[in-house]
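Here the structure is laid out as structure tokens; the discussion comes afterwards.
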Amino acid sequence: MRRATVTRFGPAADVVEVGDYSPGALEAGEVAVRMTAASINPSDLVTIAGAYPSRTPLPLVPGFEGVGRVIETGPGVDIVSIGDRVVPIGSSGAWQQVKTTAARWCFRVLPELTDEQAALSYINPLTAFRMVEDFVNPRGVPTVAVNAAGSAIAGMVARLLHQRGVPPVALVRGAVDRESTSGPEWAAVLDTRKPDWEQELVHVTDGGPEVAFDAIGGEDGTRLVSTLRHGGSLVHYGLLSGRPLPATLRQQRPDVQIHFYRLRDWVHSAGYVDLQDGLDTAGRLVLDGTAVSRLRQTFPLEEVHAALCAAQERGGQGKVLLLP
Ligand SMILES: NC(=O)c1ccc[n+]([C@@H]2O[C@H](COP(=O)([O-])OP(=O)(O)OC[C@H]3O[C@@H](n4cnc5c(N)ncnc54)[C@H](OP(=O)(O)O)[C@@H]3O)[C@@H](O)[C@H]2O)c1
């Protein structure tokens, strides 16, 4: 069998290697899943870079999202059966031909989803859905801004909000006429390279957004907080800049709420039925186009370096999949 591994932290294209391995015998409660498609997400890249060393033992088999079929079940497994198409979650390891994992972390996939859709139907769709449920819906019809708006998840958040009558303002670094932010789901598109984008955002939202989604952190996230209207909320869910929000931010804006959102916290606190329900909801949102990801390219596992380079190119061209 072949799999990708990381034995030292660093830039993914430098440290990911493909090699042979033999999946061991299954223990009680475990299944073997023959992976057929796996995504490359920013969360994979930052983990490989060493952002969470205390919870990332090496060697690491990367890949937090992917789909495959159960080919073997260990003693005591009754949640899934051989032949089931599942998304194994709760751990990395999607970038390999056979993932051995606990059956209770395997969830059936809607039959209508293709493997390519299923491999992109968990992390971003479920996060977008949960964040909108938790932070926007309780506020009725707030004004919303979303940075890194060309990202896959930002598009999902925008389409969910548009369906609720709340098209958000898109913040992008660079050209405002890109395809990913040209749809009716966006109320306006602002370029954060312009020095006065904060004033523009306050203007177009008639006093500042009530809710702002930040996937960047660092200076971009800090400037976004400065635009929030009194009583507003920042939902910080990504670290694309590689820099955290400053610890002093709450003192600077004591009148706003700052939430740190991680899907994994919800996933590790939810039960099996709620997780299956969440994944089914996410799958339906993929099928109806709300949480669909643009697919840029697929690569065999052996070409993981080319895949990683493609995944890190700028310009919002869509997602890259590995086909193990
Ligand atoms: N908290 C959670 O549970 C959770 C769950 C899902 C996703 N996320 C986070 O959501 C973010 C987006 O994920 P994705 O899969 O949607 O990404 P993606 O589709 O791969 O897109 C990445 C986007 O980020 C932009 N970008 C990258 N670095 C940037 C920077 N320093 N400043 C501004 N923009 C930058 C790129 O802009 P260009 O187009 O200009 O290159 C591109 O549009 C990631 O940080 C990810 O970790 C978090």
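The values are calculated or read from the model by the stated rules, or taken from the named source; none is laboratory data. Computed from a predicted structure; not experimentally measured. Neighbour counts are summed over all protein chains in view; Cβ atoms, including those assigned to glycine, are modelled from backbone coordinates with ideal geometry. Just the protein is used for accessible areas: all its heavy atoms, side chains included, with ligands, DNA and RNA removed. Shrake-Rupley method; radii C 1.70, N 1.55, O 1.52, S 1.80 Å.
Within region 17-45, work out how many residues are assigned to a loop (DSSP other than H, G, I, E, B) and more than 16 Å from the ligand (Cβ to nearest atom).
Matching residues across region 17-45 total 9.
Taking region 308-324 on its own, how many of its residues are away from the ligand (no atom under 13 Å from the Cβ) and either open to solvent by 20 Å² or more (accessible area, probe 1.4 Å) or over 17 Å from the mean Cα position of the chain (by Cα) (or both)?
3
Residues in region 92-107 that are in contact with a helix residue (DSSP H, G or I) (Cβ under 7 Å, 6 or more places away or on another chain) and open to solvent by 40 Å² or more (accessible area, probe 1.4 Å): how many?
1
Do you know which residues across region 295-324 are modelled with pLDDT of 95 or more and part of a loop (DSSP other than H, G, I, E, B)?
Correct list: Pro324 only.
Filter region 215-244 for residues that are open to solvent by 50 Å² or more (accessible area, probe 1.4 Å), of a type in the set (Gly, Ala, Ser) and within 15 Å of the ligand (Cβ to nearest atom) and give the result.
Passing the criteria: only Gly242.
Consider Gly150 carefully, then state whether it is at pLDDT below 95, within 16 Å of the ligand (Cβ to nearest atom) and in contact with a helix residue (DSSP H, G or I) (Cβ under 6 Å, 6 or more places away or on another chain).
yes
Specify which of the listed residues (Asp206, Asp220, Asp214) is more than 16 Å from Pro168 (Cα to Cα) and modelled with pLDDT of 95 or more.
Asp220
From the list Ala247, Ala212, Ala187, which residue is touching a helix residue (DSSP H, G or I) at 6+ places or on another chain (Cβ under 9 Å), open to solvent by 40 Å² or more (accessible area, probe 1.4 Å) and aliphatic (A, V, I, L, M)?
Selected residue: Ala187, the only one of Ala247, Ala212, Ala187 that is touching a helix residue (DSSP H, G or I) at 6+ places or on another chain (Cβ under 9 Å), open to solvent by 40 Å² or more (accessible area, probe 1.4 Å) and aliphatic (A, V, I, L, M).
If Arg250 satisfies every condition in (1) at pLDDT 95 or above; (2) assigned by TED's automatic domain parsing to the domain that holds Arg193; (3) more than 9 Å from the ligand (Cβ to nearest atom) but one, which is the exception?
(1)
Which pairs turn up if I take residues in region 254-268 that are of a type outside the set (Gly, Ala, Ser) and look for partners that are assigned to a loop (DSSP other than H, G, I, E, B) and open to solvent by 50 Å² or more (accessible area, probe 1.4 Å) with beta carbon separation below 7 Å, at least 6 apart in sequence or on another chain?
Once the first residue is of a type outside the set (Gly, Ala, Ser) and sits in region 254-268, its partners that are assigned to a loop (DSSP other than H, G, I, E, B) and open to solvent by 50 Å² or more (accessible area, probe 1.4 Å) give Asp255/His230.
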